[in-house]
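Shown next, in structure tokens, is the structure this report addresses.
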Amino acid sequence: MRRAFAIGLLSALAAFGAAADTYPQRPITMVVPFAAGGPTDVIARIVAEPMSQVLGQQVVIENVTGAGGTTGITRASQASPDGYTIMMGHMGTHGAAPALFKGLKYDPAKSFDPIGLAAGTPIVIVAKKAMPAQDLKGFIEGLKAGGASINQAHAGVGSVSHSTGVLFDSIVGAKPTLVVYRGTGPALNDLMAGQVDFMTDQIVNVAPQIAGGTIKAYAIATPERSPSLPDVPTTKEAGLPDYEVSAWNAVFAPKGLPVDVRTKLVAALDAALKDPGAKRRILELGGTVPKDAEAGPDALQKLVEREVARWTPVLRSAVDANP
């Protein structure tokens with residue numbers, strides 16, 4: 001019986017190794033935990049196409065929405081770690097979520113095998129067109145003086161606009177009234193209509209409106225100006241150097257991937273980000289492509305750990321203040 005068991009075990013291991021060697025043998029699902037057309041979905045589709053070409057199998061996008069992205073990430077984290085389910089997470093799902101959602105069913109730093117950073121999407125401080133302040137300093141002065149009479153829009157708890165907005169408020173010492181929307185689209189529509197006063201959001205969401213003059217941009221929260229918005233100063237230039245934040249997107253897999261499978265996924269993502277077409281599309285949206293030092297699983301793991309440490313005290317304080 002022991003001999004039969006040993007033979008069976010060796011056969012299973014051999015089959016497992018062969019499967020890893022021939023991976024992938026069928027399409028791969030990339031779970032995007034937000035609605036189609038949003039910035040995370042757009043980045044996912046940009047990298048999925050060249051990844052498919054490298055892997056020789058289609059990377060299929062599946063949008064699973066809810067709870068600030070944590071519904072989709074939770075589902076994907078529980079999938080078999082065989083390389084056929086991966087996910088596109090971001091700063092909210094893998095940085096802010098532990099502070100915002102009680103009973104979160106995954107640990108951003110422990111429940112996944114990181115594949116790599118896909119893109120950065122800088123944050124821009126924007127306001128309604130009629131906002132009287134002409135620069136960030138004047139805007140902050142008015143914001144602090146106005147207190148609860150100033151309305152700040154965001155796309156729901158756990159969204160990028162919510163987390164980055166709370167961080168902004170904590171740094172400048174402002175206490176505006178938070179107005180919650182079911183997504184960035186409705187929030188931005190009301191901002192353009194002057195129904196709310198300001199918000200912080202990803203450049204890919206607001207760049208067209210800024211360029212069109214329907215909203216006002218005070219600063220971009222990056223060390224350098226964006227080629228997409230060359231006239232918008234950085235927060236450092238505008239006098240708020242402590243506010244630097246990017247809503248990065250990254251690819252993760254369930255914990256426990258075979259080494260060979262993980263290596264192939266890492267190589268496919270790396271090739272996708274070097275693809276001229278994909279790179280151009282990310283940059284045209286105002287996003288950033290990871291530098292060599294930011295690429296790969298190890299760099300992503302460290303980024304997640306830093307982000308959880310950064311966001312937890314800020315957001316828990318905000319939640320406690322607004323139960």
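Protein heavy-atom surface of the chain, 1.4 angstrom probe: 55% of the accessible area is carbon and sulfur, with nucleic acids and ligands not counted. The number of Lys pairs in region 169-305 with C-alpha atoms less than 17 Å apart, excluding pairs fewer than 8 positions apart on the same chain, is 6. Heavy-atom accessible surface of the chain, averaged per residue, reaches 45 Å², computed with a 1.4 Å probe. Bridges between two residues of the chain, per DSSP, are antiparallel at a rate of about 60%. For region 154-178, no residue has its backbone nitrogen under 16 Å from a point 7 Å from the Cα of residue 63, taken along Cα to Cβ.
Please pull out the direction-averaged projected area of region 205-310, using the convex hull of its alpha-carbon atoms, in nm² to one decimal place.
8.3
As a length-normalised measure over Cα pairs under 8 Å and 6 or more apart, the relative contact order of the chain settles at 27 percent.
Computed about the Cα centre, the dipole magnitude for the chain is approximately 600 debye when only Lys and Arg (+1) and Asp and Glu (-1) carry charge, each at its Cβ. Here r is the Cβ-Cβ distance between residue 298 and residue 29 and R0 is 30 Å; the resulting FRET efficiency, rounded to 0.05, is 0.75.
So how strong a dipole does region 84-239 carry about its Cα centre when Lys and Arg Cβ are +1 and Asp and Glu Cβ are -1, to the nearest 20 debye?
Details: 12 positive and 11 negative charges, 57 e Å.
So the dipole magnitude of region 84-239 works out to roughly 280 debye.
Using only side-chain charges placed at the Cβ, +1 for Lys and Arg and -1 for Asp and Glu, the dipole size of region 193-323 relative to its Cα centre rounds to 320 debye.
Decide, for region 139-227, between rounded, prolate and oblate: order the square roots of the alpha carbon gyration tensor eigenvalues as a ≥ b ≥ c, take rounded if a/c falls under 1.5, and otherwise choose prolate if a/b is larger than b/c, else oblate.
Rounded is the answer for region 139-227, as its axis ratio a/c remains below 1.5.
Would you please classify the overall shape of region 249-323 from the alpha carbon gyration tensor, given that a ≥ b ≥ c denote the square roots of the eigenvalues, rounded means a/c under 1.5, and beyond that prolate means a/b larger than b/c while oblate covers the rest? Judged from the Cα gyration tensor, region 249-323 comes out oblate (a/c at least 1.5, b/c at or above a/b). When the charge dipole of the chain is built from unit charges on Cβ atoms (+1 for Lys and Arg, -1 for Asp and Glu) and taken about the Cα centre, the candidate among 48, 286, 254 whose Cα reaches farthest toward its positive end is 254.
At a Cα cut-off below 14 Å, give the aspartates and glutamates reachable from residue 128, other chains included and same-chain residues fewer than 8 away excluded. The reachable aspartates and glutamates, counting only those whose Cα sits under 14 Å from residue 128, are 190, 197, 201. With bins 10 Å wide beginning at 0, the percent of Cα pairs of region 112-265 falling in each bin runs 11, 39, 30, 12, 7, 1.
Projecting the Cα atoms of 111, 58, 98 onto the charge dipole of region 44-137, computed from C-beta unit charges around the Cα centre, puts 98 farthest toward the positive end. Relative to the longest principal axis of the chain, what angle (0 to 90°, nearest 10) does the C-alpha long axis of helix 136-146 take? Taking Cα atoms only, the helix is inclined about 70 degrees. Overall size of the chain from C-alpha positions, given as principal axis extents largest first: 81, 43, 31 Å.
The values are calculated or read from the model by the stated rules, or taken from the named source; none is laboratory data. Predicted model only: the values in this text are computed from it and were never measured. With ideal geometry, Cβ positions are generated from the backbone for all residues, glycine too; neighbour counts draw on all protein chains shown. Note: accessible area is taken over every heavy atom of the protein model, side chains too, but ligands, DNA and RNA are not part of it. Shrake-Rupley method; radii C 1.70, N 1.55, O 1.52, S 1.80 Å.
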